[in-house]
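Data first, discussion second: the structure below is written as structure tokens.
The values are calculated or read from the model by the stated rules, or taken from the named source; none is laboratory data. This one's a predicted model, so the numbers in the text were calculated from it and none came from an experiment. Using ideal geometry, Cβ is built from the backbone for each residue, glycine included, and neighbour counts are taken over all protein chains shown.
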Amino acid sequence: MRGKRENAAQIWSGKVLLTGVSLVILSFLLPLFLAERFAPAPAVPLPVSPISGADPFSPSAPCPTPRAGWDEQESLLLLQPDGSVTRLTMAEYLQGVVRAEMPVSFLPEALKAQAVAARTYCLYQRAQNADKHLQADVCTDSTCCQAWLDSASAAEKWGEEADRYADKIAQAVSDTDGLVCLYQGELIDAVFFSSALGKTSSAGVVWGKDVPYLASVNSPEGEEVPELRTVVTFPKDEFIGRFLTAHPEASFSDTPEHWIGVPETDDAGAVLAISIGGVTVTGGEVRSLYGLRSTRFQVETGENIIFSVSGYGHGVGMSQYGANALARQGKTFAEILQWYYTGVTVAGAP
Ligand SMILES: [Zn+2]
């Protein structure tokens, strides 16, 4: 029995070998034959398919062309901290935003990405939130619109490097003159923040409203970010006091290890909801009550209440430190923007 089976197996494998050899011969000959017949004439260039914007990392993706003079012709009304309103050209406004919002030491492509995001954000605000400020288009408050720093204050801050830094920022703005981020032809809400650890968060989970281009994406910044991780400690009394001012119904009569529940987080580690003293609050509320740098925190109860926080900012849209990390990898400003704002194109303002 054993020998027969072995025999049968040998015959079978012999057939397989023969078929295999024939197939190999065929597979070598057929392409040669076809290549002879259908090889394109070498002198004729292949047609280039149009770039859809869906493949931001294609090495052949053209860099969008700036619209020379657009930022100088466009003007807007800026509400200053003292309540006065100033008319500025878009170029003047954007230079002030980049001065205030991004470290000037960042690479040029990151500064350009910031300039485009700031231009887009401002135009979107003017179109969508015109009633936010009665006599102005935007203000200088980073928690309301975008931070803005005048050139004299920036020069004072930069000291000897003032001229070089001012030129670097002016260049980032003019190199992206008139360019914005569009999603399906419309201006986007180009929100940005300082840093995240690993991933951004989606608008849907953080703000409760899905926005297709504000999805969660990987963010490559790391230990180069100053204060990437921070620890904030509160004595129990102060921790309770702050919470009770917002939620007098909370109860802290139980032992401290029962005060704080297991938080609900997103994939990026941002706290969406957490129970404190029997009251469920959002991560955003905890962030503002305790002055945390982000909603990406863990909390321990012991002698004190200790928050361990990572990153800085709301975590939605473009990470500024991530933009600089991508620039260091050789990405262009358009690639950086398309990395953080899913499915957008970078083009002239509509
Ligand atoms: Zn504002």
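Here are the numbers:
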| item | result |
| --- | --- |
| Some residue of region 286-306 being in contact (Cβ under 8 Å) with a residue 60 or more places away in the chain, under 23 Å from LEU107 (Cα atoms), out of contact with any Lys or Arg (no Cβ under 9 Å at 6 or more places or on another chain) and part of a strand (DSSP E or B) | no |
| The listed residue being in contact with an Asp or Glu (Cβ under 7 Å, 6 or more places away or on another chain) and at pLDDT 95 or above, out of VAL286, VAL279, VAL299, VAL309 | VAL279 |
| Residues that are in a helix (DSSP H, G or I) and either among the hydroxyl-bearing types (Ser, Thr, Tyr) or more than 19 Å from THR143 (Cβ to Cβ) (or both), drawn from region 187-212 | GLY204, VAL205 |
| Scan of region 261-281 for residues that are surrounded by 18 or more Cβ atoms within 10 Å (Cβ to Cβ), aliphatic (A, V, I, L, M) and assigned to a strand (DSSP E or B), ordered by number | VAL271, ILE274, ILE276, VAL281 |
| Only listed residue being of a type in the set (S, T, N, Q) and either over 30 Å from LEU337 (Cβ atoms) or more than 26 Å from the chain's Cα centre (by Cα) (or both), chosen from THR230, THR245 | THR245 |
| Residue pairs meeting the criteria (Cβ under 9 Å; at least 6 apart or on separate chains; first within 11 Å of the ligand (Cβ to nearest atom), in region 127-141; second of a type in the set (Gly, Ala, Ser)) | ASP137/ALA130; THR140/GLY96; THR140/ALA100; THR140/ALA147; ASP141/ALA147 |
| Residues being at pLDDT 95 or above and not hydrophobic (A, V, I, L, M, F, W, C) - total across region 186-209 | 8 |
| Check on GLU156, under 19 Å from the mean Cα position of the chain (by Cα) and either surrounded by fewer than 19 Cβ atoms within 10 Å (Cβ to Cβ) or within 16 Å of the ligand (Cβ to nearest atom) (or both) | no |
| Residues located in region 117-126, provided they are near the ligand (Cβ under 8 Å from one of its atoms) and within 14 Å of ASP71 (Cβ to Cβ) | none |
| Test for VAL173: is it away from the ligand (no atom under 16 Å from the Cβ), in a helix (DSSP H, G or I) and within 26 Å of the chain's Cα centre (by Cα) | yes |
| Among (1) away from the ligand (no atom under 16 Å from the Cβ); (2) out of contact with any strand residue (DSSP E or B) (no Cβ under 7 Å at 6 or more places or on another chain); (3) free of Cβ contacts under 8 Å to residues at least 60 places away in the same chain - the single one CYS144 does not satisfy | (1) |
| Enumeration of residues in region 65-93 that are away from the ligand (no atom under 16 Å from the Cβ) and either assigned to a helix (DSSP H, G or I) or closer than 19 Å to THR143 by Cβ (or both) | TRP70, ASP71, GLU72, GLN73, MET90, ALA91, GLU92 |
| Options ALA334, ALA327, ALA349; residue that is among the small types (Gly, Ala, Ser) and modelled with pLDDT under 95 | ALA349 |
| Enumeration of residues in region 322-350 that are assigned to a loop (DSSP other than H, G, I, E, B) and among the hydroxyl-bearing types (Ser, Thr, Tyr) | THR332, TYR341, THR342 |
| Residue check for THR200: within 16 Å of the ligand (Cβ to nearest atom), under 22 Å from the mean Cα position of the chain (by Cα) and among the β-branched types (Val, Ile, Thr) | no |
| Pairs where the first residue, in region 73-98, is farther than 23 Å from ALA113 by Cβ and the second is more than 14 Å from the ligand (Cβ to nearest atom) and of a type in the set (Gly, Ala, Ser), C-beta under 6 Å, 6+ apart | ARG87/SER75 |
| Lone qualifier among GLY283, GLY315 - being in contact (Cβ under 8 Å) with a residue 12 or more places away in the chain and on the phi > 0 side of the Ramachandran plot | GLY315 |
